[in-house]
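Accompanying notes for the structure given below.
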Amino acid sequence: MFSQLIFRLFIFWYSCGLILLTFALLPPWLEWANTVFLLLTGLLGAIFFVKAYGYFIGLVISFVVVIGTIIAEWFGVTYGILFGHYFYNADFGPKIIDVPITIGFAWLMVIATTHVIGKTISQHLFIQKWKQIGMYLTIAPIAAVVMDLILDPVAYKVKQYWEWDGTGLYYGIPITNFIDWFIVSLFLHLILVFLVFHRPLHSTTWANRMVLLYALMITMFIIIAAFAMLWFAIGLSFVCTILLLVLYFYSLRMSRV
């Protein structure tokens, strides 16, 4: 019941947020809605891990991802070691070591959704375990970077949620940001290899919802980007997302043959 409620609340919040953010209708007094949205996406990721692998493993994974990414973001904010040297403009809620807790929840959504995509493709298209792991550790981090290809231009250029001290060719975003997104995602997915990669998914429903969540998040940022005419980011992220989803559904089809 709780998991269903959270999913329905997310769909409602997503639908309202899509309209408000796209048409710049979100009033200053409603900025806290962004915090709730990020918390909901993270909760969906946590619910997936619990439903797929059980309470203990699911909660351990969720804790490791949230705390691990907050620490990684802290290194970026404080020392510029990861993601380039940047700082947050928007208020995303309470902070731990100068990093909003909600950013850790957002990362939980990213890891949960890309885990499903990477695991499904690698396990359904390859037989040897070493090939499965190799493809998983390639596809899942790439899927995370694909999401960031549209997320960061919108958050930085359109919404000014954060800013970098440096610059880069891709909408002023340092290239190290995308490299570090891959590295952080790779590290977290490597942990999942040891914990759950060869465990069966106990909830197909929630696995499907993670793929839907991945598509919905990218769709939302593409729509916002379209109103800001960020055409290159839209085209690049759209093509990459379609390729990933085609490969995902093809792997599902092959598993049934």
### Query
If you take the alpha carbon radius of gyration of the chain and divide it by 2.2 N^0.38 Å, what ratio comes out, to two decimals?
0.96
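Which length gain, in nm to one decimal place, applies between Ser255 and Ile71 when the Cα-Cα distance is subtracted from 0.36 nm times their residue separation? Walk me through the intermediate numbers first.
On the way: separation 184, 0.36 × 184 = 66.24 nm, distance 3.81 nm.
Length gained, Ser255 through Ile71: 62.4 nm.
Which entries in the list Lys129/Lys159; Lys131/Lys159; Lys95/Lys157 go over 32 Å, if you measure between the two C-alpha atoms of each? Could the numbers behind the result be given before it?
Details: Lys129/Lys159 43 Å; Lys131/Lys159 41 Å; Lys95/Lys157 23 Å.
Beyond 32 Å between Cα atoms: Lys129/Lys159; Lys131/Lys159.
For Glu31, Glu73, give the ranking by accessible area with the largest first, probe 1.4 Å.
The residues order as Glu31, Glu73, largest area first.
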### Task
Convert each backbone phi in segment 39-53 into a coupling constant with the Karplus relation 6.51 cos²θ - 1.76 cosθ + 1.60 (shift: θ = phi - 60°), then list the ³J(HN,Hα) values in order as whole Hz, x for Gly and Pro.
4, 5, 4, x, 4, 4, x, 5, 4, 4, 4, 5, 5, 7, 10
### Query
Once the Cα atoms of helix 2-22 and of the chain are each reduced to a long axis, what angle between those two axes, in degrees from 0 to 90 to the nearest 10, is obtained?
40
### Query
Ile81's amide H: which non-local residues (gap 5+, or another chain) put their own amide H closer than 5 Å, with H modeled 1.01 Å from N in plane and none for Pro or chain starts?
Gly76
### Query
Among rounded, prolate and oblate, which fits segment 122-257 when a ≥ b ≥ c are the square roots of the eigenvalues of its C-alpha gyration tensor, a/c under 1.5 means rounded, and a/b larger than b/c means prolate?
prolate
### Task
Determine the order of Asp152, Asp165 by accessible area, beginning with the largest, at a probe radius of 1.4 Å.
Asp165, Asp152
### Task
With label points built 7 Å along Cα→Cβ from the Cα atoms of Trp32 and Phe12, find their separation and express it in nm.
1.7
## Note on the structure
Distance in Å, no decimals, from the C-alpha centre of segment 233-251 to the one of segment 1-37 is 25
### Query
Heavy-atom accessible area of Leu213 with all protein chains present, probe 1.4 Å, nearest 10 Å²?
0
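Give the ranking of Thr22, Thr78 by solvent-accessible surface, highest area first, calculated with a 1.4 Å probe. All intermediate terms of the calculation are to be shown ahead of the outcome.
Details: Thr22 15, Thr78 55 Å².
If we order Thr22, Thr78 from most to least accessible, we get Thr78, Thr22.
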## Note on the structure
Check: C-alpha center segment 177-219 vs C-alpha center segment 95-172, spacing in Å is 9
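The values are calculated or read from the model by the stated rules, or taken from the named source; none is laboratory data. Note that the structure is a prediction, hence the values are computed from the model and not measured. Neighbour counts are summed over all protein chains in view; Cβ atoms, including those assigned to glycine, are modelled from backbone coordinates with ideal geometry. Just so you know, the surface numbers come from the protein's heavy atoms only, side chains and all, with ligands and any DNA or RNA stripped out. Shrake-Rupley method; radii C 1.70, N 1.55, O 1.52, S 1.80 Å.
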